[in-house]
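Read the figures in this text as sums done on the coordinates, not as results from a lab. Here the structure is a predicted model, which means the values were calculated and not measured. Glycine gets a Cβ as well: all are built from the backbone with ideal geometry, and neighbour counts include every protein chain shown.
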Amino acid sequence: MSTDNRVAVTTGIARLHASPGLAGPGRLGLVTNHTGVLPDLRPAAPALLEAGARLVALFGPEHGLHGTGQAGESEAAHADPVTGLPVRDTYRLSGELLDKLLIDSGVDALVYDVQDIGARFYTYVWTMFDLMVSAARTGVRFVVADLPNPLGGLVSEGPLLDPAWASFVGRAPVPVRHGLTCGELARYLNASLVSQVAGNAADLTVIEVVGWQRSMDAEATALPWVAPSPNIPTPATATVYPGTCLFEGTNLSEGRGTTQPFEVVGAPYIDARFATSLAELDLPGVRFRDLWFVPTFHKHAGQRLRGVQLHVTDREVFTPVRTAVAMLSTLRRLYPDHFAWRVADSAVEGSDQRPFIDLLWGSDRLRRAVDAGDDPLPLCDPPAPPGRWVGDDVLLYP
């Protein structure tokens with residue numbers, strides 16, 4: 001008989017369900033999606049209504065309330081078939097349009113309950129930020145029902161974003177792997193940036209997670225894993241994503257259209273040298289397997305590609321950002337006539353036709369270093385000791 005030694009964790013939304021008054025008085029709007037569940041997997045919205053919460057509207061981020069949209073997609077406004085509540089699409093709305101959406105909804109407070117995965121370019125937290133700004137401008141209170149960071153909270157990687165490169169994959173000076181929960185990130189953004197944009201800070205409350213410690217990753221909690229978006233199916237995907245998402249800025253497939261997105265990367269021009277060269281780097285906590293695959297959609301759809309699969313052997317020492325940067329440098333060295341950077345799709349990624357890698361990295365320094373043949377690994381160093389780049393006063397958990 002096996003014994004489960006994991007520590008029980010109580011999420012913010014579970015605490016709100018037990019005590020609806022934690023959100024304060026008035027009409028509530030719930031910013032959520034398919035990850036908004038109680039520990040027993042009951043959807044949060046109908047459960048809150050049954051518990052007596054005065055819930056009047058639902059708000060969906062990228063991928064939509066039900067998580068059916070692919071990257072750069074959402075779900076149109078509709079009535080939720082379970083609760084009957086109106087569902088309002090927030091994706092790619094900001095400024096006056098988002099202010100109007102809040103005013104028209106008639107809510108007195110927004111409750112944010114969406115699972116993040118700890119990487120700056122994962123867009124849910126920027127929906128949170130945009131809504132905080134609108135809440136501050138319109139006098140709506142903002143409540144974060146906090147969740148654990150599935151990567152843990154002891155490690156940060158990569159530089160702070162340069163504000164000149166702000167976009168919807170990064171609006172504020174945050175490292176690539178930030179090491180914070182949504183509640184901690186909300187506190188940091190509210191103190192550092194919301195007041196600058198809105199003219200005043202949001203009226204922010206964080207309903208903290210009980211039982212979570214910074215050393216705990218997703219599998220160290222007793223919480224069920226719900227895939228946060230279509231291409232983050234497992235905790236293993238989330239582990240590599242802060243690094244391999246950078247391949248979205250290249251002409252390689254990052255594995256979308258396969259059963260292992262972000263765990264495999266490849267292109268038509270890759271050969272056996274790639275896996276061999278990566279093995280020679282002896283990067284900590286990871287091994288590389290030479291493989292072939294055929295994406296069913298997205299880049300190189302229907303083509304037979306060669307590349308590598310990342311096999312993480314030790315999550316405690318594996319550094320996804322440094323690993324991916326070493327991979328990019330190796331690609332440029334091995335395939336100088338084929339490897340290329342992608343220009344961002346303005347219709348999807350909201351850019352002005354700059355290289356998408358620059359928006360993902362938060363500056364052009366990585367691209368320039370790789371193109372020049374310089375060692376880019378020093379760029380991966382965090383701006384402060386692990387887990388402390390933001391300042392101890394923002395942290396909520398030991």
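See the values below:
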item: Percent of beta bridges antiparallel (DSSP, the chain, rounded to nearest 5); result: 50
item: Taking region 268-350 and dividing mean pair separation by its residue count, relative contact order in percent (alpha carbons under 8 Å, at least six apart); result: 31
item: Tensor-based shape of region 12-220 (alpha-carbon gyration tensor, a/c under 1.5 rounded, otherwise prolate or oblate); result: rounded
item: Cβ-defined net charge surrounding P150, 9 Å radius [Lys, Arg +1; Asp, Glu -1]; result: -3
item: DSSP beta bridges in region 12-220 [antiparallel fraction, %, rounded to 5]; result: 25
item: For Y124, net neighbour charge (Lys/Arg +1, Asp/Glu -1) across residues whose Cβ lies under 10 Å away; result: -2
item: Calculated FRET efficiency for the pair A8/A372, C-beta based, R₀ 35 Å, to 0.05; result: 0.10
item: Exposure proxy ranking, count of Cβ atoms within 10 Å, fewest first, for H17, H63; result: H17, H63
item: Table column - 3J(HN,Hα) (Hz), region 165-182, Karplus curve with 6.51, -1.76, 1.60, x for Gly and Pro; result: 10, 5, 7, 6, 9, x, 9, 9, x, 9, x, 4, 9, 9, x, 10, 7, 4
item: Net charge over other residues, Cβ less than 11 angstrom from the Cβ of A109 (K, R count +1; D, E count -1); result: +1
item: Rounded FRET efficiency, nearest 0.05, which uses the C-beta distance separating D381 from D282 and R0 of 22 Å; result: 0.70
item: Computed E for V294/S19 - FRET, C-beta separation, R0 45 angstrom, nearest 0.05; result: 0.35
item: Net lengthening on full extension, T313/D393 (0.36 nm per residue, minus Cα-Cα); result: 25.4 nm
item: Sparse-neighbour loop sites [trypsin sites (Lys or Arg not before Pro); region 299-350; at most 15 other C-beta within 10 Å; DSSP]; result: R304
